[in-house]
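Q: One structure, as structure tokens, below. Some questions next.
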Amino acid sequence: MKIAMVGSGYVGLVSGACFADFGHDVVCIDKDQSKIDRLHAGIMPIYEPGLDALVDGNVKAGRLSFTTDLGEGIAGAAAIFIAVGTPSRRGDGHADLTFVYEVAREVGEKLANDAVIVTKSTVPVGTGDEVERIIAETGASSERGHRFAVVSNPEFLREGAAIGDFKRPDRIVIGTEDDFGREVMREVYRPLFLNESPILFTSRRTSELIKYAANAFLATKITFINEMADLCEKVGANVQDVSRGIGMDNRIGAKFLHAGPGYGGSCFPKDTLALLKTAEDYDSPVRIVEAVVKVNDSRKRAMGRKVVDALGGMDEARGKKAALLGLTFKPNTDDMRDSPAIAVAQTLLDAGVAVAAYDPEGMDQARPLLPDVTMCANPYAAIEGADVVVIVTEWDAFRALDFKRVKELANAPVLVDLRNIYKPDDMAAAGFTYVSVGRG
């Protein structure tokens, strides 16, 4: 089957490469000529483990290609995926659907065969209805006689583990209103269906809401355990043991119960905001999600204040230096979107603290966001002369630091571990003043 993937960003490129690996003929389409040129040269626009090899293998096999010409790219495609960005809209925080609707109109205008149009982008409830209306307006069906259906097929990929998530999914959600859409999507996902991956067929609006509800629930779990961590510090409990104790209950589950500096990334911040706006539009407020957004926003700067306190408070911190290890919102990605490190660094800079940082993959993306932070070539260059070392992102590269060398380079043996990757007893034995999260 030929598949067209409109949008060659994170979702589009990973999905397109994986579909090609299943044996489909995939064309990835993007208006950004420089991005397409880089892909032709084998240069990935994002960092995702294994993606470069996956793309290279399928390009060489003739199953994956790239173009800026949408008409050429969708010609003969049985399934046309819309995988463009839906960022938070300025002013109200709702999902900006400009790109989705632009693609829908262009697809409708250039459609030359029967096809299913699939919204892979994360979109609010009712977006599929509007996409269907836009395509119908172009006369694709009424004037040119092409049969089309609009389907919702949200993605559930974790950055840093996206290829495995795509090939071994927990579930595949497909929202469709007719048999044509259902039949084509069954053929698209036949390789996974044969592997017994669960496929859930729903109405289109239900599918659209599933994506937002899932992300809001996971954001709630993260925020809940972060608040428990604060309480643990006050009462002298250990949040990691609390997490284990509640996570062993299979009604709760252990995932997303790791205390830290708050959630970030490309999904949770914008999707929780978009869900709030949808709920407001339908006069059905979601108070729990409102609280989650508020708590998470305040937590990031609170982690910056935790570092300031480790430096002796606001008066003592001014003029000192902090070394930040990790800048991306999570390991194994170069994504800086809404990373807690941004707020932590800014809080320190506002307090008059000089900040040096190192991240294995994210520094090119971080530089324009943090122009006053000194980017260093390795963790020890950042640590040199620092009065506090701060672990912000739990990259594997930071799990076995040479603490003898750290003590020699730093001005003071103070470590603030915002990801709890070290044991307090081990750090005390190494001669460090150690501050972690939720371990009172």
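The values are calculated or read from the model by the stated rules, or taken from the named source; none is laboratory data. Remember, predicted model here, so these are calculated numbers, not experimental data. So basically every Cβ, Gly included, is an ideal-geometry build from the backbone, and we count neighbours across all protein chains shown. For accessibility, only protein heavy atoms count, side chains too; no ligands or nucleic acids. Shrake-Rupley method; radii C 1.70, N 1.55, O 1.52, S 1.80 Å.
Q: If amide hydrogens are placed 1.01 Å from N in the peptide plane, which non-local residues have theirs closer than 5 Å to the one on Ala95?
A: The answer is Arg89.
Q: Mind putting a number on the dipole of the range 1-141 about its Cα centre? Charges go on the C-beta only, +1 for Lys and Arg and -1 for Asp and Glu, and I need it in Debye to the nearest 20. Don't skip to the answer; put the middle values down first.
A: Numbers: 12 positive and 20 negative charges, 35 e Å.
With Lys and Arg at +1 and Asp and Glu at -1, about 160 debye.
Q: Which ³J(HN,Hα) values in Hz, rounded to whole numbers, follow from the phi angles of the range 292-306 under the Karplus curve 6.51 cos²θ - 1.76 cosθ + 1.60, where θ = phi - 60° and Gly and Pro get x?
A: Listing the rounded values in order: 4, 4, 5, 5, 5, 4, 6, 5, 4, 6, 4, 5, x, 5, 4 Hz.
Q: Could you tell me which residue out of Ala161, Ala112, Thr68 lies farthest along the dipole of the chain toward its positive end? Charges go on the beta carbon: Lys and Arg +1, Asp and Glu -1, centred on the Cα centre.
A: Ala161
Q: With the other protein chains left in place, how much accessible area per residue, in square angstrom, belongs to the range 248-321 at a 1.4 angstrom probe? Numbers along the way, then the final one.
A: Details: 4140 Å² over 74 residues.
Result: 56 Å² per residue.
Q: Please give the net charge around Leu192, taking every other residue with its beta carbon less than 12 angstrom from that of Leu192, where Lys and Arg add +1 and Asp and Glu add -1.
A: Counting the neighbours of Leu192, the net charge comes to 0.
Q: From zero up to wherever the largest Cα-Cα distance of the range 374-422 sits, split into 10 Å bins and tell me the percent of pairs in each.
A: 26, 62, 12
Q: Also, quick follow-up: May I ask you to give the solvent-accessible area per residue for the range 34-87, in square angstrom, as obtained with a 1.4 angstrom probe?
A: Numbers: 2230 Å² over 54 residues.
Per residue, the range 34-87 has 41 Å² of solvent-accessible surface.
Q: Then there's this: Where the accessible area of the chain is counted over protein heavy atoms with a 1.4 Å probe, how much of it, in %, is carbon and sulfur? Show your work: numbers first, answer last.
A: Details: 9600 of 19140 Å².
Of all accessible area on the chain, carbon and sulfur atoms account for 50 percent.
Q: Out of all Cα-Cα pairs in the chain, roughly what percent, to the nearest whole number, are more than 41 Å apart? All intermediate terms of the calculation are to be shown ahead of the outcome.
A: Values: 22375 of 96580 pairs.
That tail contains 23 percent of the Cα-Cα pairs.
Q: What are the ³J(HN,Hα) couplings of the range 349-358, residue after residue, when phi is run through the Karplus curve with 6.51, -1.76, 1.60 and θ = phi - 60°? Round to Hz, x for glycine and proline.
A: Per-residue couplings from phi come out as 4, 4, 8, x, 8, 6, 10, 10, 8, 9 Hz.
Q: When only alpha-carbon atoms count, how far does the range 137-250 stretch along each of its three principal axes, as whole angstroms with the largest first?
A: So the three principal-axis extents are 71, 34, 24 Å.
Q: While we're looking at this one, here's another question. Using θ = phi - 60° and the Karplus curve 6.51 cos²θ - 1.76 cosθ + 1.60, what whole-Hz ³J(HN,Hα) does each residue of the range 258-267 get, with Gly and Pro shown as x?
A: For the range 258-267, the Karplus curve yields 10, 5, x, x, x, 8, x, x, 7, 10 Hz.
Q: Also, I was wondering about something else. With a Förster radius of 25 Å, plug the Cβ-Cβ distance of Arg171 and Met1 into 1/(1 + (r/R0)^6) and report the FRET value to the nearest 0.05. Show your work: numbers first, answer last.
A: Working: r = 21 Å, r/R0 = 0.86.
Efficiency computed from Cβ-Cβ geometry: 0.70.
Q: Would you grab the residues whose amide H sits under 5 Å from the one on Ala237? Only those 5+ places off in sequence or on another chain, please, with H modelled 1.01 Å from N.
A: Amide H neighbours of Ala237, under 5 Å, 5+ apart: Gly440.
Q: Per-residue counts of other Cβ atoms within 10 Å, averaged by peptide: what ranking do you get for 404-410, 25-31, highest first?
A: On the way: 404-410: 15.4, 25-31: 24.0.
In decreasing order of mean packing, 404-410, 25-31 become 25-31, 404-410.
Q: With runs of 4+ DSSP H residues as the only contributors, calculate the mean residue ellipticity of the chain at 222 nm using -39,500 (n - 2.57) per run, divided by the residue total and rounded to the nearest 500. Let's see the in-between values first.
A: Values: 19 runs with 196 residues, N = 440.
Rounded to the nearest 500, the figure is -13000 deg cm²/dmol.
Q: Same structure again: Give me, ordered by chain and number, the residues 5 or more places off Asp338 or on other chains with an amide H under 5 Å from its own placed amide H.
A: When sequence neighbours closer than 5 places are left aside, the close amide H contacts are Gly265.
Q: I'd like to know which of Gly128, Thr98, Met185 lies farthest towards the positive end of the charge dipole of the range 97-237, counting +1 on Cβ of Lys and Arg and -1 on Cβ of Asp and Glu.
A: The listed residue farthest towards the positive side: Met185.
Q: A further question on this structure: Please compute, over every Cα-Cα pair in the range 269-354, the percentage with a separation greater than 17 angstrom. Don't skip to the answer; put the middle values down first.
A: On the way: 2087 of 3655 pairs.
The answer is 57 percent, as a whole percent.
Q: While we're looking at this one, here's another question. Local charge sum around Ser15 (other residues, Cβ-Cβ under 12 Å, Lys/Arg +1, Asp/Glu -1)? Present the calculation step by step, with values, prior to reporting the outcome.
A: On the way: positive: Lys120, Lys167; negative: Asp21, Glu48, Glu155, Asp165.
Spelling it out: positives minus negatives among the neighbours equals -2.
Q: Using the heavy atoms of the protein chains and a 1.4 angstrom probe, tell me the accessible area per residue for the range 115-222 in square angstrom.
A: Numbers: 4430 Å² over 108 residues.
Per residue, the range 115-222 has an accessible area of 41 Å².
Q: Separate question: Only four residue types carry charge here, +1 at the Cβ of Lys and Arg and -1 at the Cβ of Asp and Glu. Report the dipole size of the chain about the Cα centre in Debye, rounded to the nearest 20.
A: On the way: 51 positive and 63 negative charges, 168 e Å.
Using Cβ point charges on Lys, Arg, Asp and Glu, the chain gives about 800 debye.
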